[in-house]
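Asks: Mind having a look at this structure? Questions to follow.
The values are calculated or read from the model by the stated rules, or taken from the named source; none is laboratory data. All values derive from a computational prediction rather than experimental measurement. Every residue, glycine among them, receives a Cβ derived from its backbone with ideal geometry; neighbour counts consider all protein chains shown.
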Amino acid sequence: MNAERPEEAVDEVAEDAQTPAAEEAAAEPAAEEEVIDPEAALAAAQKKATDSWDRYLRAAAELENVRKRAERDVEKAHKFALERFGKELLAVRDTLEMGLAAAEGATVESILEGKNATLKLLASTMQQFGIEQVDPLGEPFDPELHEAISVQPSEDVEPGSVVNVVQKGYTLNGRLLRPAMVIVAAE
C-alpha cells in the first residue's frame, strides 16, 4: 500500500487545476487594460446627450399637440352637442308655424287638434333625447324631484302627497333638469 503524504496530494490537485481556462483567466487582466480615448468617450457622451434631448423635445411637442387637439375636441363637443337635438326641434317649430298660418279662418277644434299634434311631436322629440316629464300628482312629496310652493289641506290624498302640480318637472337621462313645482297636502 502506497500512502501518499497529504501535502503531495494537494500539490497534485493544484497542478491539475492549472488548465487552459485558468490560463485564459490569467491573461484577461491584460486585455482589460485597454487605453480609452477620452476624446472619443466625450464625443459618444455628447452624441447620446444630443439624441436624448431631441427625443425629449419630440415627446414634449407631441404632448402639446395632443393637449391642443383634446382642447379643440372638447370645444367642438360643447359647441355642437345639441346639433341633433336642434334639428329635431326644427320640426316642432315648422309645425307651429304651419299651425299659425292655417289658423286664419280655422275652427277652434282644428286649432286645438293642431296644437295637440305639435305637443305630441315635441314630447316625442324630448323623449328621444332622454328628457322625461316629472308629473307627481297624487304621489308622495320627494324633495329630490319636487319643489313645494304651498301646503293645503286635502281629503283626497294622504298628508305629505302632491295635491296639485303647478309646473311639471323634467329629467335628462335620470338627472333633474327642472323640479316640478307642486302643492302638498297638509299633515
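Asks: Among the residues of region 171-187 satisfying the criterion of being assigned to a strand (DSSP E or B) and crowded, with 16+ Cβ neighbours inside 10 Å, which is farthest from the chain's Cα centre (by Cα)? First the steps, then the outcome.
Replies: Filtering region 171-187 for residues assigned to a strand (DSSP E or B) gives 171-172, 175-178, 180-185.
Still in the list and also crowded, with 16+ Cβ neighbours inside 10 Å: 171, 180-185.
On the way: 171: 21, 180: 30, 181: 33, 182: 36, 183: 39, 184: 40, 185: 43 Å.
Only one residue fits best here, namely 185.
Asks: Turning to a different aspect of this structure: So, residue 166, is that one among the hydrophobic types (A, V, I, L, M, F, W, C), within 19 Å of residue 133 (Cβ to Cβ) and exposed (fewer than 15 other Cβ atoms within 10 Å of the Cβ) or not? Break it down stepwise before answering.
Replies: Numbers: among the hydrophobic types (A, V, I, L, M, F, W, C): yes; within 19 Å of residue 133 (Cβ to Cβ): yes; exposed (fewer than 15 other Cβ atoms within 10 Å of the Cβ): yes.
Judged against the criteria, residue 166 is a match.
Asks: Follow-up. Working carefully through the options 48, 79, find the one that is part of a helix (DSSP H, G or I), among the basic types (Lys, Arg) and exposed (fewer than 10 other Cβ atoms within 10 Å of the Cβ). Before the answer, list the steps.
Replies: Values: 48 fails: exposed (fewer than 10 other Cβ atoms within 10 Å of the Cβ).
After applying the criteria, what remains is 79.
Asks: Among the candidates 71, 109, which residue alone is surrounded by 10 or more Cβ atoms within 10 Å (Cβ to Cβ), on the phi < 0 side of the Ramachandran plot, among the acidic types (Asp, Glu) and part of a helix (DSSP H, G or I)?
Replies: Details: 109 fails: surrounded by 10 or more Cβ atoms within 10 Å (Cβ to Cβ).
Within the list 71, 109, the selection yields 71.
Asks: Now for a separate question. Please tell me if residue 142 is among the acidic types (Asp, Glu) and touching a strand residue (DSSP E or B) at 6+ places or on another chain (Cβ under 7 Å).
Replies: Numbers: among the acidic types (Asp, Glu): yes; touching a strand residue (DSSP E or B) at 6+ places or on another chain (Cβ under 7 Å): no.
So residue 142 does not fit the description; no.
Asks: Here's another thing I want to ask about it. Which of (1) in contact with a helix residue (DSSP H, G or I) (Cβ under 9 Å, 6 or more places away or on another chain); (2) within 30 Å of residue 120 (Cα to Cα); (3) modelled with pLDDT under 85 is the odd one out, the single condition residue 98 does not satisfy?
Replies: All conditions pass for residue 98, except number (3).
Asks: Of a type in the set (A, V, I, L, M), in contact (Cβ under 8 Å) with a residue 12 or more places away in the chain and either part of a helix (DSSP H, G or I) or touching a Gly at 6+ places or on another chain (Cβ under 8 Å) (or both): does that describe residue 90?
Replies: Values: of a type in the set (A, V, I, L, M): yes; in contact (Cβ under 8 Å) with a residue 12 or more places away in the chain: no; either part of a helix (DSSP H, G or I) or touching a Gly at 6+ places or on another chain (Cβ under 8 Å) (or both): yes.
For residue 90, the condition - of a type in the set (A, V, I, L, M), in contact (Cβ under 8 Å) with a residue 12 or more places away in the chain and either part of a helix (DSSP H, G or I) or touching a Gly at 6+ places or on another chain (Cβ under 8 Å) (or both) - is not met.
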